[in-house]
Amino acid sequence: MSSSDPSCYTVVFESSAEYPSASELRSGLEKGSDEVKVDTLRKIIISTINGNHQPTLMMPIIQFVLPSRNKQLKKLLHFYWEVCPKYDETGKLKQEMILVVNAIRNDLQHPNEYIRGATLRFLQKIAKDAELLEPLIPTCRSCLEHRHSYVRKNAVFAIYSIYREFEHLIPDAPELMHTFLIAESDSTCKRNAFVFLAHCSMPKAVEYILSVYDTIPSMDESLQMSIIEVIRSDCKNDSAHRPRYIRCIFELLNTSSHAVKYEAATTLTTLTQNPAAVKAAASCFITLVIKESDNNVKLIVLDRLDTLRSKHGHVLDGLIMDLLQVLSSADMEVRRKAISIVLSMTSSRNVEEVVLFLKKQLQKTQEADFEKAPEYRQLLIQSIHVTAIKFSEVAASVVYALMEFLGDSNNPSALDVVSFVREVVEKFPHLRATIVEKLISTLPEIKSGKVFRGVLWILGEYVEGVTDIQSAMQEIRKVLGEIPILASEQRLLDDTAEEGGEEGEDKEKEKEKAKAEGSGRPRVLADGTYATETAYSSTAAAKLEAVKAASKPPLRTLILGGDFFTGAVLAAALTKLILRFAEKSTDAVATNVLRAEGMLIMTSIIRVGQSKFVTVQIDEDSNERIMNCIQTLSELEAQPAVQEIFLTDTKAAFSKMLGAQEKRAAEKKESETTKAVAIQVDDLLTFRQFSKKTADDAIDYDEDVGRATGAGELQEDFMSNLSRISQLTGFSDPIYAEAYVKMHGFDILLDVLLVNQTANTLQNLCLDFATLGDLKIVERPAVYTIAPHGFQSIKATIKVSSTETGVIFGSILWEGPNMSEACVILNDIHIDIMDYIKPAYCNEAQFRSMWTEFEWENRVNVNNPMSDPREYLKHVMKATNMSCLTPEGATSGDCDFLSANMYARSLFGEDALANLSVERTEAGTITGHVRIRSKTQGIALSLGDRITMVMSAAQKDSKPIPV
């Protein structure tokens with residue numbers, strides 16, 4: 001801010017209905033008590049801030065308020081002198097201000113240290129008025145020698161403010177401050193004086209650091225922070241004192257203050273690239289994370305540590321065990337961040353130690369009092385999964401430990417274990433036999449249908465030996481219970497009925513009595529008619545419920561509970577096992593027995609699915625799939641192509657999927673490690689390019705300020721700006737208006753151009769905006785007067801708080817002829833949410849978890865003239881800025897239907913999920929639907945509207961043009 005710019009103040013609301021007149025305010029100042037004067041002066045200050053200066057009240061304030069000894073009045077007076085106009089129309093200082101300057105000088109010499117200190121602070125606010133300050137300089141200087149530290153520390157900053165604006169008023173200020181700093185004993189005063197030297201005389205600040213070099217580690221925290229800042233600034237200019245600075249910073253790493261430790265460690269990485277220094281800084285960061293109680297600070301320090309790791313590779317690998325201690329924190333975000341850094345630091349040298357530590361933590365989560373155990377257990381299992389796949393030497397040691405958690409009541413943890421085991425079995429063939437044996441023995445402990453499906457698939461694909469197949473079938477029979485299921489359940493029901501019949505004649509008499517009475521409580525049936533419930537019907541229903549509630553094996557419980565998807569997976573697994581047994585065994589009788597047993601189990605699942613014993617009847621897809629498996633087993637040797645599908649194609653598809661995942665991970669890693677060319681070969685070089693690059697450019701605060709203010713941004717070309725212009729009024733309106741709409745982070749910047757198309761002056765013209773959606777107008781535009789055929793540019797800022805389609809509308813009001821009000825309504829400006837949505841990636845488990853959790857769903861029906869489903873998927877992805885999570889291999893090939901998952905994330909951290917399910921009709925068009933889910937309603941509706949709009953545009957383009 002230049003010295004000519006006026007100060008900026010906050011506008012405070014004042015009610016015009018209650019505001020007193022100037023005479024009433026004058027009376028309050030003259031005759032009122034101190035409380036009345038405080039209230040009156042407060043009203044005058046608010047009025048002055050809002051533009052109503054009331055110069056006639058300045059003398060009454062000087063006469064009746066200035067002599068008061070009330071401290072609150074004195075403080076309010078400082079506010080008033082700050083905001084009141086001090087110059088007349090010609091730009092000269094008002095005569096009354098001489099009295100004010102005299103009063104300020106008296107307060108600077110006041111015996112009360114609070115009044116002196118408050119007055120010195122006030123001088124910092126009026127540091128741009130040289131005529132006011134000049135008479136007060138000697139008094140300010142004398143305050144540096146006051147006995148009380150409160151006065152001295154404020155005197156330092158008062159002199160600093162004056163020297164910064166008008167150096168000629170105190171030309172010897174740096175020498176004065178250096179002398180003051182050497183003689184001063186109070187830590188706050190020393191810090192303020194040092195800050196003065198740092199900003200106004202860097203050589204003297206460096207001289208002071210060198211003079212107190214040995215005592216810096218024992219100094220006050222605030223002074224240490226200032227010294228670190230000066231060291232950082234001085235080293236930007238290739239200081240000769242760099243080696244001494246580095247030793248000083250090394251010592252500050254051991255100080256007790258966390259803030260000083262953090263700044264010292266950060267600064268050390270900018271001063272030197274020495275591995276020992278980098279390691280010391282990283283060790284300091286880890287200590288901070290462990291000892292600091294604030295989780296936000298922990299996350300910030302972990303971010304800094306991660307940046308350090310990315311720049312210095314394996315230098316920090318030796319600290320990995322220290323970093324693992326961070327997992328003792330209770331906050332899951334801190335644990336997640338620490339684990340991600342640990343995984344990136346893990347190498348073949350330390351992988352065994354890391355995995356051993358993670359396994360111990362996994363055992364601890366079994367304890368009853370462990371905080372957030374299920375979530376933490378899932379994180380540990382995922383981490384061990386990633387590590388074991390990356391380093392095959394530890395896979396064998398962890399896979400058996402993790403399989404203990406297959407029966408975990410926390411379903412996501414057990415699913416992660418299944419995913420891990422499935423990948424290990426495919427990638428490490430030498431472990432298959434023992435893993436499969438362990439899986440077979442674990443079957444009775446599994447409780448979840450999803451886990452059962454995963455385990456059954458693994459058994460169907462990877463159980464290869466004849467004896468292993470027989471033991472797997474035997475264990476499956478155990479977890480399924482007695483076969484056939486329907487007959488055994490019916491027998492259990494009959495046994496329950498017989499037990500009930502043996503209870504004696506009393507029950508029979510009760511039944512006969514109920515029958516004789518012929519009536520019970522009336523019930524309303526589904527069709528609206530009435531019926532009477534008797535003891536017979538209620539007893540039969542109760543017995544059926546008792547049979548359903550009886551204890552059963554886990555897989556049988558799932559099937560009777562309506563989980564026929566698991567039943568279909570069981571049928572497929574049994575088919576694979578029997579086909580493989582028939583292929584490898586020479587015993588035709590054993591093969592025939594096994595085949596008959598498998599077909600019995602499958603028919604039993606279908607029969608019970610159509611009975612009263614299940615919660616939900618079997619669905620058509622599961623029924624058809626199980627019937628296909630039965631047909632395959634009945635035609636054991638007649639269909640070799642079907643056998644090949646069961647025995648080889650499914651495993652090959654899984655291998656292909658793993659290969660696609662590895663390829664994507666490799667591409668992602670390569671894109672992260674490949675650095676973009678920052679400059680071209682023919683660009684001009686600046687001298688700074690020749691200096692040694694620092695490790696952490698973010699410390700360059702000057703550069704940060706340049707980025708924040710947009711100084712370093714590239715200027716946009718003229719044509720791209722024209723594409724963002726919205727016309728707000730018509731060419732025949734009295735005022736033509738158009739707006740340039742620019743998205744800037746979380747703000748929308750409107751630059752409105754108004755053109756007066758009339759021959760009249762438009763007075764008191766006001767541009768009034770209103771918004772619809774999660775948009776908020778930051779500031780109201782002022783009132784303007786536009787000359788005939790004149791132009792006026794008005795800027796407005798609108799804050800965006802969520803990803804939701806917003807609308808900006810408004811009007812232009814002005815005074816027409818004879819003081820009548822004239823108005824023009826503006827066209828609406830629609831805000832495109834695509835500017836706030838970016839493609840993102842998540843794994844399948846995260847997608848499924850969010851899909852289940854999110855409650856808002858928007859279903860968009862698809863009917864499009866495009867003929868290729870994959871082209872339509874690309875079209876939707878481009879229109880919605882979403883990324884496709886379904887692997888490319890799964891969507892390749894010639895097929896008439898397509899199902900794909902998509903994911904995006906907004907700038908506000910909102911997740912948007914979408915599932916596209918479409919098919920190609922006989923007419924060559926695409927039909928189906930897109931389901932969009934999100935946590936908030938706005939983003940789901942907005943994305944749905946976007947897809948509908950794009951489809952409408954595509955259909956219009958495809959229609960033939962009539963001749």
Seminar exercise, completed: Restricted to the stretch 905-924 and to residues being over 31 Å from the mean Cα position of the chain (by Cα) and assigned to a loop (DSSP other than H, G, I, E, B), the residue surrounded by the most Cβ atoms within 10 Å (Cβ to Cβ) is THR921
Exercise. Could you list, in sequence order, the residues of the stretch 412-454 that are among the β-branched types (Val, Ile, Thr) and outside any helix (DSSP H, G or I)?
Worked result: ILE446
Exercise. Hey, among MET321, MET332, which residue is farther than 21 Å from VAL260 by Cα and without any contact (Cβ under 8 Å) to a residue 40 or more places away in the chain?
Worked result: MET321
For this session: Could you tell me which residue of the stretch 570-590 is farthest from GLN643 (Cα to Cα), considering only residues that are surrounded by fewer than 19 Cβ atoms within 10 Å (Cβ to Cβ) and among the polar types (S, T, N, Q)?
Result: THR586
Exercise. For the stretch 73-158, which fully contained helices (runs of 4 or more DSSP H) count at least 2 residues that are more than 24 Å from ASN50 (Cβ to Cβ), open to solvent by less than 60 Å² (accessible area, probe 1.4 Å) and in contact (Cβ under 8 Å) with a residue 40 or more places away in the chain?
Worked result: 113-125
For this session: Hey, can you tell me all the residues within the stretch 419-432 that are under 18 Å from ARG453 (Cβ atoms) and open to solvent by 10 Å² or more (accessible area, probe 1.4 Å)?
Result: SER419, ARG422, GLU423, GLU426
Exercise. For residues in the stretch 869-886 being part of a helix (DSSP H, G or I) and under 23 Å from the mean Cα position of the chain (by Cα), which is farthest from ARG920 (Cα to Cα)?
Worked result: THR880
Seminar exercise, completed: Matching residues in the stretch 604-629 (open to solvent by 60 Å² or more (accessible area, probe 1.4 Å) and over 46 Å from the mean Cα position of the chain (by Cα)) number 5
For this session: Can you run down the residue pairs with Cβ atoms below 6 Å, 6 or more apart or on separate chains, where the first is in the stretch 925-943 and aromatic (Phe, Trp, Tyr) and the partner is open to solvent by less than 60 Å² (accessible area, probe 1.4 Å) and not in a strand (DSSP E or B)?
Result: none
Exercise. Which one is farthest from the chain's Cα centre (by Cα) among residues in the stretch 925-949 that are assigned to a strand (DSSP E or B) and closer than 18 Å to GLN846 by Cα?
Worked result: ARG931
For this session: Take ILE290 and decide whether it is assigned to a helix (DSSP H, G or I), under 29 Å from GLU352 (Cβ atoms) and not basic (Lys, Arg).
Result: yes
Exercise. Can you spot a residue in the stretch 305-323 that is farther than 20 Å from ALA265 by Cβ, of a type outside the set (A, V, I, L, M, F, W, C) and either open to solvent by less than 10 Å² (accessible area, probe 1.4 Å) or within 20 Å of the chain's Cα centre (by Cα) (or both)?
Worked result: no
Exercise. Being part of a helix (DSSP H, G or I) and under 22 Å from the mean Cα position of the chain (by Cα), is that true of even one residue in the stretch 343-354?
Worked result: yes
Exercise. What about ILE435, is it aliphatic (A, V, I, L, M) and either within 25 Å of PHE357 (Cβ to Cβ) or open to solvent by less than 10 Å² (accessible area, probe 1.4 Å) (or both)?
Worked result: yes
Exercise. So which of ASN843, ASN864 ends up being open to solvent by less than 70 Å² (accessible area, probe 1.4 Å) and under 22 Å from the mean Cα position of the chain (by Cα)?
Worked result: ASN843
Problem set entry | Residue under evaluation ASP5, criteria (1) within 46 Å of the chain's Cα centre (by Cα); (2) modelled with pLDDT of 55 or more; (3) acidic (Asp, Glu), criterion not met | (2)
For this session: Pull up the stretch 44-61, narrow it to residues that are open to solvent by 30 Å² or more (accessible area, probe 1.4 Å) and either in a helix (DSSP H, G or I) or among the basic types (Lys, Arg) (or both), then point me to the one that is nearest to VAL101 (Cα to Cα).
Result: MET59
Problem set entry | Any chance MET902 is under 17 Å from ILE837 (Cα atoms), in a strand (DSSP E or B) and at pLDDT 85 or above | yes
For this session: Select from the stretch 944-955 the residues that are surrounded by fewer than 17 Cβ atoms within 10 Å (Cβ to Cβ) and either touching a residue at least 40 places away in the same chain (Cβ under 8 Å) or of a type in the set (S, T, N, Q) (or both) and list them in ascending order.
Result: ASP945, THR948, VAL950, SER952, ALA954, GLN955
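The values are calculated or read from the model by the stated rules, or taken from the named source; none is laboratory data. These numbers come from a predicted model, not from an experiment. Backbone-built Cβ (ideal geometry, glycine too); neighbour counts: all protein chains shown. Quick note on the areas: whole protein, heavy atoms, side chains included, nothing else; ligands and nucleic acids left out. Shrake-Rupley method; radii C 1.70, N 1.55, O 1.52, S 1.80 Å.
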